[in-house]
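A quick write-up on the structure given underneath.
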Amino acid sequence: MKIKGVIEVSIFFVETHTHLDLIKRNTEEVVKEAAEKRVTKMVTIGIDLESSKIALEFASRFAGVYAAIGFHPHEAKLLDAENLKELEKLAKKDKVVAIGETGLDYYWKHSTLPCQMEAFKKQINLARKLNLPLIIHDREAHQDTLKVLVEEAKGLKILLHCFSGDLDMAKVCIERGYYLGIGGVVTFNNAVKLRVVVKEVSLENLVLETDSPYLAPHPFRGKPNEPKYIPFIAERIAQLKGISVKEVAERTSVNSKEIFGI
Ligand code: NI
């Protein structure tokens, strides 16, 4: 498969983490251009009630788009009882495939830590109640994230989006059956730690993501990211593992199906 040339039509990629509502271009174009690169399925992620509603709107408009709904740790302070009820209502709609992104962010701390912790646990409970997988945001909060998940989220399907831990943490996650989301960072020159993880961890535990509009892969680093760049991430993973892009596409698509049923 050639990234810049003709892409085999027999393969397809699943983009597990985009924020379509935050991409400042016509969404129809974004979805169409992604499909042209064989990124035919994607999960668009909510960060609060409003963006979760938009995610659902996109999911109902576009066949290959699915929604994850939740409150990002930055917005944890907004998840009161009323919003939680609203979130539960939304979560029962068609094409909602996960709760998230939720988790802990000890870097920005836009919400207080107790507040983040509470919102995280509430959303884990919601995922359990509705039997949905969880998409986890963990920034500089590895210990606490792993602790909460082992205590509160046993038996649930877990995807650690934009995985940023080291190989030791990855091994713990794999042992627990979690999936790791790998994005554009893997193409960055300084991402030595992540490349070790990708090399060592079985493809059975990895899925592809862009986190667009953030974290565009090389050679687009610093520019707005989009789901259509997924093949660049797949190509880097293939190089690191010494396998074909096709293999990466196929296995990560199977994994995405295991998590989200799509
Ligand atoms: Ni995100």
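Bear in mind these aren't lab numbers, they're just calculated from the coordinates by the rules spelled out. Because the structure is predicted, anything quoted here is derived from the model rather than measured. When we count neighbours, we look across all protein chains shown, and the Cβ atoms used for this are built from the backbone with ideal geometry, even at glycine.
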Legend entry - Tensor-based shape of segment 176-220 (alpha-carbon gyration tensor, a/c under 1.5 rounded, otherwise prolate or oblate): oblate
Inset, instruction - Would you kindly work out the equivalent ellipsoid of segment 93-237 from its C-alpha gyration tensor and give its semi-axes, the square roots of five times the eigenvalues, largest first in whole Å? - result: 25, 17, 16
Inset, instruction - Calculate how steeply helix 81-91 sits against the longest principal axis of the alpha-carbon atoms of the chain, using the helix alpha-carbon long axis, and give the answer as 0 to 90 degrees to the nearest 10. - result: 40
Inset, instruction - Could you work out how far apart the two model spin labels at Asn189 and Val150 are, taking each label as a point 7 Å from the Cα in the direction of the beta carbon, and quote it in nm? - result: 3.8
Legend entry - Rg and Dmax of segment 132-200, Cα atoms only, in Å: 11.8, 36
Inset, instruction - Provide the descending list of Cα extents for segment 90-173 along its principal axes, expressed in whole angstroms. - result: 35, 29, 22
Legend entry - the chain pair-distance distribution - Cα-Cα, 5 Å bins, rounded %: 1, 6, 15, 19, 21, 18, 12, 6, 2, 0, 0
Legend entry - Asn131/Lys93 FRET efficiency (R0 22 Å; Cβ-Cβ; nearest 0.05): 0.90
Legend entry - Using a Förster distance of 25 Å, the FRET efficiency for Glu200-Gln143 (Cβ separation, nearest 0.05): 0.75
Legend entry - Given charges at beta-carbon only (K, R positive; D, E negative), |dipole| of segment 13-260 in Debye: 420
Inset, instruction - Obtain the nm distance between the two label points defined at Lys171 and Glu118 by a simple spin-label model: each point lies 7 Å from its Cα along the Cα-to-C-beta direction. - result: 3.8
Inset, instruction - Measure nothing fancy, just the Cα-based angle from helix 142-152's long axis to the longest principal axis of the chain, in degrees from 0 to 90, nearest 10. - result: 60
Legend entry - Cα-based shape type of segment 1-135, given that a ≥ b ≥ c are square roots of the gyration tensor eigenvalues and the cut on a/c is 1.5: prolate
Inset, instruction - Would you look at the GNM of the chain, springs on alpha carbons closer than 10 Å, and say which of Lys193, Lys228, Lys89 moves the most? - result: Lys89
Legend entry - Dipole of the chain, positive end: most advanced residue of Ala249, Ile262, Thr145 [Cβ charges, Cα centre]: Ala249
Inset, instruction - Express in whole angstrom the spacing between the alpha-carbon centres of segment 48-114 and segment 190-211. - result: 25
